[in-house]
Amino acid sequence: MGNILGFFLLHREAIFIVILSIFLGIEVISHVPAILHTPLMSGANAIHGVVIIGAIIVMGHAETNGSMILGFLAVVLGTLNVVGGFVVTDRMLEMFKKKK
């Protein structure tokens, strides 16, 4: 418990910035109009694709089993995020197609 408290005291400015970033992100995302949601999702999917490649590269340089497991989890969760994002984007694009 003392180590955790010491970590928070040592890095309180960075933790404060992360917390403010979370609130700012929630506020910005909640005000995005529906028409812009699909292009933003496509951009986020492209960014997450880069994150997956970075996780694979980091996993290739892993020296311990713990870092290998964390790298593998990063690749799996990032892949699930990208696939889910494309599914949601595809559904949103179906809404804009003309009905025959």
Does GLU27 fit the bill of being in a helix (DSSP H, G or I), exposed (fewer than 10 other Cβ atoms within 10 Å of the Cβ) and modelled with pLDDT of 85 or more? yes
Output the qualifying pairs, or none if there are none: Cβ atoms under 6 angstrom, residues six or more apart or on different chains, first residue in segment 11-39 and under 27 Å from VAL82 (Cβ atoms), second residue assigned to a helix (DSSP H, G or I). THR38/THR89; THR38/MET92
In this structure, does THR89 turn out to be among the polar types (S, T, N, Q) and at pLDDT below 85? yes
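The values are calculated or read from the model by the stated rules, or taken from the named source; none is laboratory data. From a predicted model like this one, the values you see are computed outputs, not experimental measurements. Ideal geometry is used to build each Cβ from the backbone, glycine not excepted, and the neighbour counts take in all protein chains shown.
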